[in-house]
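Student: One structure follows; several queries about it will come next.
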Amino acid sequence: MNEKVENENPDEKRARRLEKLRHWRKACADESLELKSYNLEPGCNPLLLFHGDFDMGGVYVRKLANDCAHPLIAFAPHGMNDDNVKPSIEWMARERLADIFAVRSNGPYRLAGYCNGALVAYECARLLQERGCTVEFVIMIEPSSLNARPGYRLIHRALSSFFPPPAERSDKAQERLGVIMRKVWNAGRVAHLSPAEIAALARSMKERRLKERQRLAEDLQSRSSSEKQLQERYAGLIHVYTAALASYVPQPSTVPVVVLSTGRDGQGRQCGLYDGKQWGRLARNFRHIQMPGHHSTCLSVHAGELVANLRSILAAHPAQSA
């Protein structure tokens, strides 16, 4: 047995590591709570964080809360504990209002979110303001930023005219719009790349897809039914969230907004998708903080810088009582 492991080629070793990683990720997600509290004290005003991590259940939040040493309540993304999730950021935000009022019945509110959670936090702030609640600020960590660009919003408006109004739109129609806008989204992601870089990226993506299909075909028979269900559920969740993110058009806001962004995707490439400065087009009271690393490493390798920035923002806004 040991000899077999020692003689494994690199692809086989990588496959074994990925298999262990998949099960570990599933364990993290399964143990994730929909709502989890940290550092709470009587009368405190906690930071309400939409952690956005449906991949590993918000495993980064514990260290973030510990290092920030600030009262924090983390909300998991929809779809973590059930399949009742719709491809709409507006729907996700409306659903979360009841949870917000359950943990804090009156304002002022302080919201934050990472990735998809950042958009949910922004939309929640708008809905809270509509209800006459005070929102101190929204902290958006690595939010999708194409949604704030005028060109993207113009294309969305034109395409939306072929669909029923949002209030009358079915989930399927909303999903179709999201799929179409996802194509526009992908084009915007490479807007800063040169033709040679775009060609290299296209080749890399094609090779990766071919390898993935080959891997899926090779171990289709060896996978357990539970593993297949996990992969199918995960793929479905990604599809719903990408449709929701791509079809979301945020409205202008008077709530103070602080965006922390790296400007780079999860592979470290410069990417228009995470150009956080674009949110200044919508927020009247806006501040941008440039983060080191990229979309993923800002939570891990550069967690110290993230914590320092969060503590600075929180220190500038002394907590107010409910």
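Student: Regarding Glu207, is this residue out of contact with any strand residue (DSSP E or B) (no Cβ under 8 Å at 6 or more places or on another chain), at pLDDT below 70, farther than 30 Å from Val138 by Cβ and of a type in the set (D, E, K, R)?
Tutor: No; evaluated as a whole, the condition is false for this residue.
Student: Scan the stretch 90-124 for residues that are more than 15 Å from Leu35 (Cα to Cα) and out of contact with any helix residue (DSSP H, G or I) (no Cβ under 9 Å at 6 or more places or on another chain) and jot them down.
Tutor: Answer for the stretch 90-124, where residues must be more than 15 Å from Leu35 (Cα to Cα) and out of contact with any helix residue (DSSP H, G or I) (no Cβ under 9 Å at 6 or more places or on another chain): Ser105, Asn106, Pro108, Ala118.
Student: Does at least one position in the stretch 160-172 carry a residue that is hydroxyl-bearing (Ser, Thr, Tyr) and in a helix (DSSP H, G or I)? Break it down into steps so the answer makes sense when it comes.
Tutor: Of the stretch 160-172, the ones hydroxyl-bearing (Ser, Thr, Tyr) are 160-161, 170.
This time we only want the ones that are in a helix (DSSP H, G or I), so: 160.
Within the stretch 160-172 (the criterion being hydroxyl-bearing (Ser, Thr, Tyr) and in a helix (DSSP H, G or I)), the answer is yes, since at least one residue qualifies.
Student: A further question on this structure: Looking only at the stretch 253-310, count how many residues are aliphatic (A, V, I, L, M) and either farther than 16 Å from Ala112 by Cβ or surrounded by fewer than 19 Cβ atoms within 10 Å (Cβ to Cβ) (or both).
Tutor: Residues that pass the stated criteria total 7.
Student: For the stretch 253-299, name all the residues that are assigned to a strand (DSSP E or B) and either of a type in the set (Phe, Trp, Tyr) or without any contact (Cβ under 8 Å) to a residue 60 or more places away in the chain (or both).
Tutor: Correct list: Arg264, Ala283, Phe286, Arg287, His288, Ile289, Gln290.
Student: On to the next question. Out of the residues in the stretch 33-92 that are under 24 Å from Arg126 (Cβ atoms) and acidic (Asp, Glu), which is modelled with the lowest pLDDT?
Tutor: Here the answer is Glu34.
Student: Got at least one residue in the stretch 179-189 being modelled with pLDDT under 70, under 17 Å from Leu245 (Cβ atoms) and either assigned to a helix (DSSP H, G or I) or within 23 Å of the chain's Cα centre (by Cα) (or both)?
Tutor: Going through the stretch 179-189, the residues modelled with pLDDT under 70 turn out to be 188-189.
Checking which are under 17 Å from Leu245 (Cβ atoms) leaves us with 188-189.
From what's left, either assigned to a helix (DSSP H, G or I) or within 23 Å of the chain's Cα centre (by Cα) (or both): 188-189.
Yes, some residue in the stretch 179-189 is modelled with pLDDT under 70, under 17 Å from Leu245 (Cβ atoms) and either assigned to a helix (DSSP H, G or I) or within 23 Å of the chain's Cα centre (by Cα) (or both).
Student: Among the residues of the stretch 11-31, is any assigned to a loop (DSSP other than H, G, I, E, B) and at pLDDT below 90?
Tutor: yes
Student: Working only within the stretch 134-158, note down all residues that are at pLDDT 95 or above and under 19 Å from the mean Cα position of the chain (by Cα). Spell out the reasoning first.
Tutor: Pass one, the stretch 134-158, residues at pLDDT 95 or above: 134-143.
Of everything in the stretch 134-158, those that are at pLDDT 95 or above and under 19 Å from the mean Cα position of the chain (by Cα) turn out to be Phe137, Val138, Ile139, Met140, Ile141, Glu142, Pro143.
Student: Taking the stretch 159-168 on its own, how many of its residues are over 30 Å from Asn106 (Cα atoms) and touching a residue at least 12 places away in the same chain (Cβ under 8 Å)?
Tutor: Qualifying residue count, the stretch 159-168: 3.
The values are calculated or read from the model by the stated rules, or taken from the named source; none is laboratory data. Please read all numbers here as calculations on a predicted model, not as lab measurements. Counting neighbours? That spans all protein chains shown, and the Cβs are built from the backbone with ideal geometry, glycine included.
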